[in-house]
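Before anything else, here's the structure in question.
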Amino acid sequence: MLPLCFVLMPFGKKPAGDGRLVDFDSIYELLIKPAVVAAGLEPLRADEEMTGGVIHKPMFERLILCEYAVADLTTANANVFYELGLRHAVRPASTVLLFAQGIGQLPFDVAPLRAIPYQLGSDGKPAMNDTDRDRLTTRLHEAREVKTDSPVFQLVEGFPDIQRLKTDVFRERVEYSSTLRQKLAQARKQGVEAVRALEREIGPIHDVEAGVVVDLFLSYRAVKGWGDMIALGQEMSAPLAATVLVQEQLGLALNRANRGEEAERILLALIESRGPSSETFGILGRVYKDRWEAALKAGEKVLARGLLEKAIGAYLKGFEADWRDAYPGINAVTLMELKEPPDSRRDQLIPVVSYAVERRMASGKPDYWDYATLLELAVLAKDQNKAELVLANALAAVRESWEPETTARNLRLIRETRERRKEPFQWLKEIEEELECYPKTVMRDGE
């Protein structure tokens, strides 16, 4: 999937200060669109009906979510300047400006910004297509390396960047219809068919606001509707589908649907384009971990060893990307325990993982994965009393039915490995069973 470039500009023909009619549709087709494509991006121009009067919410979402933007400031169109101000307030970089040379003066507020002039013919169409197109393409390439081009981020010290919301708290942060939120919560309790019925009620997904679509997407995850998640990802608007959150969760769904190679491609492409992330590497580690287990069951011992190393490596990179996120750290430590002989690096990592989860729990409301991490650490330390105590807290914090199943699977792998080493732990089997038998409909109202 190519990075998206949102184009902010008027539509049709608009009068300029010198009496000419500026043909903005020709400027888009002959200058901007080809330059964006040549830069390896996919152009996205607002639907014309969105420009009349009130700007619709999907317009805001696309403007904010697209990785790149081009704004044509010719004629100082009010809508374009409003959209540019919004873009500069939420994106520190990757916004390129241009204007038709000789068509009046740029307003004072944007005159100091680094905008590209282009030549306009007497017919209101681009006059020097190739030259101006190449300049715009070059500037878009440069935008990949520029950390800040927004005057807000440049001039206001400490102005916050908008970071990706953690997937598991998305529903609590986003604002949309409380009625629909409640319907989705109820549907998750009833199962996948209820969620499907609600999707049919919502109607065509492409222009539905992002909060609704992502909650629906995560609701399918809650009921293990992996195929439905994949299908919904294909129906989303391109800017929303390209976000890190959606791409990561799509990778998770593909892996759970036994399409691990596709999941791996998506996650590796995400790491290549967006950089390392604890979440992305954590899901990639799960892909390799599933392949390792499958190879073991098939008796392919050499392949299994290689896949186990890849899984450990992915989880380690995830933990190194953000030491505060204990999830990839505990998975790396657990897999190190499963190696023959055990990986000695686990002894160095266990205190770091323990500290990470303890600090996270002290700084906010603990979630299921915090308790699950403490549970695995207690099991690795062979501390039955602590494991049983943490288990109770973990079960009380479950949000989605697949969460305790994932932990039970990890504990089973530890137990089976220790049994092969003649280290039986019957109490560990009992903890597994508690996790596996936990009620499947565990979501609380409003989640």
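The values are calculated or read from the model by the stated rules, or taken from the named source; none is laboratory data. Remember, it's a predicted structure, so these values are computed and weren't measured experimentally. Because the Cβ atoms are built from the backbone with ideal geometry, glycine has one as well, and the counts that use them run over all protein chains shown.
Would a scan of the range 166-174 turn up a residue that is of a type in the set (D, E, K, R), in a helix (DSSP H, G or I) and modelled with pLDDT of 85 or more?
no
Which numbered condition trips up residue 428, out of (1) buried (at least 17 other Cβ atoms within 10 Å of the Cβ); (2) under 31 Å from the mean Cα position of the chain (by Cα); (3) not aromatic (Phe, Trp, Tyr)?
So residue 428 meets the others, but not (2).
I'd like the residue in the range 343-365 that is charged (D, E, K, R) and assigned to a helix (DSSP H, G or I) and, out of all such residues, is farthest from the chain's Cα centre (by Cα).
Looking at residues that are charged (D, E, K, R) and assigned to a helix (DSSP H, G or I), I get 347.
Let me ask another. Taking the range 67-83 as the search range and keeping residues that are farther than 23 Å from residue 38 by Cα and not polar (S, T, N, Q), which one is surrounded by the fewest Cβ atoms within 10 Å (Cβ to Cβ)?
Of everything passing the filter in the range 67-83, 78 is surrounded by the fewest Cβ atoms within 10 Å (Cβ to Cβ).
Say we look at the range 316-342 and pick out the residues that are of a type in the set (Lys, Arg) and more than 12 Å from residue 354 (Cα to Cα); which of these is farthest from the chain's Cα centre (by Cα)?
Applying the filter and picking the extreme gives 339.
A further question on this structure: Given the options 334, 373, name the one that is in contact (Cβ under 8 Å) with a residue 24 or more places away in the chain, under 30 Å from residue 302 (Cβ atoms), hydroxyl-bearing (Ser, Thr, Tyr) and not in a loop (DSSP other than H, G, I, E, B).
334
Out of all the residues in the range 197-235, which are surrounded by fewer than 16 Cβ atoms within 10 Å (Cβ to Cβ) and over 28 Å from residue 64 (Cβ atoms)?
Selection gives 197, 200, 227.
Sticking with this structure for a sec: Tell me which of these residue 258 doesn't satisfy, since it passes every other one: (1) under 27 Å from residue 286 (Cβ atoms); (2) in contact (Cβ under 8 Å) with a residue 24 or more places away in the chain; (3) polar (S, T, N, Q).
In the conditions (1) under 27 Å from residue 286 (Cβ atoms); (2) in contact (Cβ under 8 Å) with a residue 24 or more places away in the chain; (3) polar (S, T, N, Q), residue 258 misses (2) alone.
Among the residues of the range 276-291, which ones are under 18 Å from residue 257 (Cβ atoms) and among the hydrophobic types (A, V, I, L, M, F, W, C)?
If the condition is that a residue be under 18 Å from residue 257 (Cβ atoms) and among the hydrophobic types (A, V, I, L, M, F, W, C), then 283, 284, 287 are the ones that fit.
Any chance you could count how many residues in the range 380-409 are surrounded by fewer than 21 Cβ atoms within 10 Å (Cβ to Cβ), without any contact (Cβ under 8 Å) to a residue 60 or more places away in the chain and charged (D, E, K, R)?
The number of residues fulfilling the criteria is 6.
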